[in-house]
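Engineer: Following this message is one structure expressed as structure tokens.
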Amino acid sequence: GRVDVILWLDLPLRLKLRRLCRRSWRRVRTREVLWNGNVETWRDVFVGKDSVLVHATLAHVRHRRTFPARPDAQKMVRLRTPSDVDRWLSSTFPAHGASSAMSDDMTTEERGAG
């Protein structure tokens, strides 16, 4: 009830999956420790209903179906592209200038996709 704004990063599924694959590839290859000593494996990324990619796809579909019907939807700001995110951040936090938050793991093509 005390929330003023809810940010919904509703980026395209293709972009989300590309970023997940790139990040997971790096984590598996470097055996990056995530939390509590966990290390991501190829099995975690690709195999089964609990895989990272399946979870991301199902969550994407579920959010698109349920978020607009939320009782607090009028407080929601839906950002659909990396450019939308950068514009919102620049207008909300002008002292920080252009955002680099959405630039992590982005290709030149993705930066221009907005």
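Engineer: Give me the accessible area of VAL3, 1.4 Å probe, in Å² rounded to the nearest 10.
Structural biologist: Number for this one is 70 Å².
Engineer: Obtain the nm distance between the two label points defined at ASP4 and THR41 by a simple spin-label model: each point lies 7 Å from its Cα along the Cα-to-C-beta direction.
Structural biologist: Simple spin-label model gives 4.7 nm for this pair.
Engineer: Which far-off residues, 5 or more places away or on another chain, put their amide H under 5 Å from the one on ILE6, with H placed in the peptide plane?
Structural biologist: MET76, VAL77
Engineer: No solvent, one uniform scatterer per C-alpha: report log10 I(q)/I(0) for the range 1-71 via the Debye equation at q = 0.11, 0.19, 0.26 1/Å, two decimals.
Structural biologist: Treating every Cα as an identical point scatterer, log10 I(q)/I(0) equals -0.37, -0.86, -1.15.
The values are calculated or read from the model by the stated rules, or taken from the named source; none is laboratory data. Nothing here was measured: the structure is a model prediction, and the numbers come from that model. Note that we place each Cβ from the backbone using ideal geometry, even for glycine, and neighbour counts take in every protein chain shown. The accessibility values were calculated without ligands, DNA or RNA, using every heavy atom of the protein model including side chains. Shrake-Rupley method; radii C 1.70, N 1.55, O 1.52, S 1.80 Å.
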